[in-house]
Amino acid sequence: MPELPEVETIKRDLEKNLTGQVITQFIVEDPRIFTGFSPSGGPRRKINISHLIRGLINKKISQFFRRGKYLAMEFVDGSALILHLRMTGQLLFKNGEGKARAAFYFGSGKKLFFKDRRRFGEIQFSTDWKKEKSIASLGIEPLNGNLTAQFLKESFKERSASVHSLLLNQTIVCGIGNIYAAEALFRAGIRPTRKGKSIRIEELNQLVPAIQQVLNASIQNRGYSMSTYVDTLGKKGKTQLFTQVYGKEDQPCVHCKNLLKKIKISGRGVVYCTQCQK
DNA sequence: CGGGGCTCCTGTGCGC
DNA sequence: TGCGCACAGGAGCCCC
C-alpha cells in the first residue's frame with residue numbers, strides 16, 4: 001500500500017496529534033508484528049514481547065520521522081519504534097471493524113491502532129534507530145533537494161537492470177513504489193523496460209521533476225486509495241483520481257489515445273504507453 | 001549484478 | 001453460484 005506520499009500523510013497526522021503523548025498501555029494482539037525486520041524465511045530474532053511492552057510504558061513521544069516508507073516514533077530518551085506498513089498496514093486513531101494487531105493507549109486518552117489485513121507490516125524497537133540496517137541502508141530522499149539528474153546518472157551507470165526496477169530500489173532513492181515509479185516514467189516519457197545505464201542525461205532531467213511532481217501532488221492529495229490505504233482518521237486520499245497509467249491498463253493514453261499496456265518487470269505489474277514512452 | 005521465483009499473509013475479482 | 005487461479009501500494013533471500 002503505502003509509498004512515500006501515504007507514509008508522509010500518516011506521519012504528519014501522527015506528529016500533529018501524538019507529539020508529547022505518554023504511552024500508558026500497549027496491547028499486542030499479534031506478536032508477529034515484532035519480527036524486527038528479519039528475513040521472512042529465515043530465523044527470527046528472539047524478542048521478549050512482555051519485556052518490550054513493559055519497557056514502552058511511560059515513554060514520551062518526542063518526534064515522528066519518515067525515512068523512505070518507514071516511520072519512526074521517537075521517544076524523549078532517544079529510543080524509538082520503527083514501523084513499516086508494507087502492503088496493507090494502517091495506523092488509525094479509532095479502531096473500526098476487525099481486530100488491530102497492536103494498540104497504543106496514551107495518557108490523554110488518545111489511542112492508536114495498527115491494523116493490517118495481510119500482516120506484512122512490522123514494528124521494531126531500537127535504542128539507535130537511525131543505525132538499524134533497515135534505515136541505514138536507505139538511499140537518498142527524493143524530496144529534500146538531493147535528487148538530481150547527475151545523481152541518477154551516477155547511480156544508474158553500469159546498471160543493466162530496468163529503470164523501473166532501479167526506481168523501486170530503496171538503496172538508491174527511497175520512498176518510491178510501484179505506483180509512483182510508473183507515473184513518473186510516464187510523465188518523463190521513458191519506457192520502464194529501458195536499462196538504467198541507457199537513460200540519457202536529458203531524459204534524467206525530465207525524470208527528476210517528474211518524480212518530485214508525482215510525489216508532491218500525491219502528498220497534497222493525501223495519497224492513493226484504491227483498496228486499503230486510508231489516513232489516521234480512516235479517510236481515503238484522492239491520488240487515484242489523478243493517476244495517468246497506474247491501474248489504467250487497456251485505457252487510452254491521455255496524450256495519444258493509444259491503449260495503455262501492462263507488462264511484468266521483475267514480478268511487478270507495470271503499465272505504460274508504447275507510443276509516448278521511448 | 002539481475003531477474004525469476006519464493007516467502008511472509010489475506011482478500012478480491014475474474015474466467016470458466 | 002462456486003471454484004480455482006492470478007494478482008495486489010513491500011521487500012528480503014536463494015538460485016542460476
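Since every read-out is calculated from the coordinates, none of them should be taken as a lab result. This structure is a prediction, so every number in the text was calculated from the model and none was measured. Positions of Cβ are backbone-derived with ideal geometry, glycine not excepted, and every protein chain shown enters the neighbour counts.
Where in chain A are the DSSP H helices whose alpha-carbon span along the long axis reaches 27 Å or more and whose Kyte-Doolittle mean is at least -1.0?
Going by DSSP H runs, the hits are A:201-220.
Multiplying the sequence separation of A:Asn146 and A:Gln220 by 0.36 nm and subtracting their Cα-Cα distance, what value in nm do you get?
In short, 24.6 nm is gained.
Please give the Cα centre distance for region A:136-157 versus region A:189-218, rounded to the nearest Å.
Each part's Cα centre sits 12 Å from the other's.
Looking at the square roots a ≥ b ≥ c of the eigenvalues of the Cα gyration tensor of region A:4-136, which shape do they give, rounded for a/c under 1.5, prolate if a/b is larger than b/c, or oblate?
Rounded, since a/c falls under 1.5.
Could you calculate the FRET efficiency of A:Phe65 with A:Glu158 from 1/(1 + (r/R0)^6), where r is the beta carbon distance between them and R0 is 41 Å, rounded to 0.05? Can you show the working numbers first?
Working: r = 32 Å, r/R0 = 0.79.
The pair A:Phe65/A:Glu158 has a calculated efficiency of 0.80.
What does the extension gain come out to for A:Ser198 and A:Arg119, with contour length at 0.36 nm per residue minus their alpha carbon separation? Mind showing how you got there, number by number?
Numbers: separation 79, 0.36 × 79 = 28.44 nm, distance 3.82 nm.
Using 0.36 nm per residue and subtracting the Cα-Cα distance, I get 24.6 nm.
Enter the Cα centre distance for the pair region A:227-278 and region A:59-126, rounded to the nearest angstrom.
About 29 Å separates the Cα centre of region A:227-278 from the one of region A:59-126.
For chain A, rounded, prolate or oblate, judged on the Cα gyration tensor with a ≥ b ≥ c (square roots of eigenvalues), a/c < 1.5 rounded, else prolate if a/b > b/c?
prolate
Set the Förster radius R0 to 51 Å, insert the Cβ-Cβ distance between A:Ser50 and A:Gln212 as r into 1/(1 + (r/R0)^6), and round the FRET efficiency to 0.05.
Efficiency, rounded to the nearest 0.05: 0.70.
Would you please give the FRET efficiency between A:Lys133 and A:Leu241, computed as 1/(1 + (r/R0)^6) with r the Cβ-Cβ distance and R0 = 35 Å, to the nearest 0.05?
That pair, A:Lys133 with A:Leu241, gives E of 0.40.
Cα gyration tensor of region A:143-278, axes a ≥ b ≥ c as square roots of the eigenvalues: rounded (a/c below 1.5), prolate (a/b > b/c) or oblate? Mind showing how you got there, number by number?
Values: a/c = 1.75, a/b = 1.24, b/c = 1.42.
Taking the square roots of the gyration eigenvalues as a ≥ b ≥ c, region A:143-278 is oblate.
Under a 10 Å cutoff between Cα atoms, tell me which one of A:Tyr180, A:Tyr70, A:Tyr105 has the largest fluctuation in the Gaussian network model of chain A.
Of A:Tyr180, A:Tyr70, A:Tyr105, the Gaussian network model singles out A:Tyr105 as fluctuating most.
What ranking of A:Val163, A:Val208 emerges when the number of other C-beta atoms within 10 Å of each C-beta is taken as an exposure proxy, fewest first?
Listing A:Val163, A:Val208 from fewest to most nearby Cβ atoms yields A:Val208, A:Val163.
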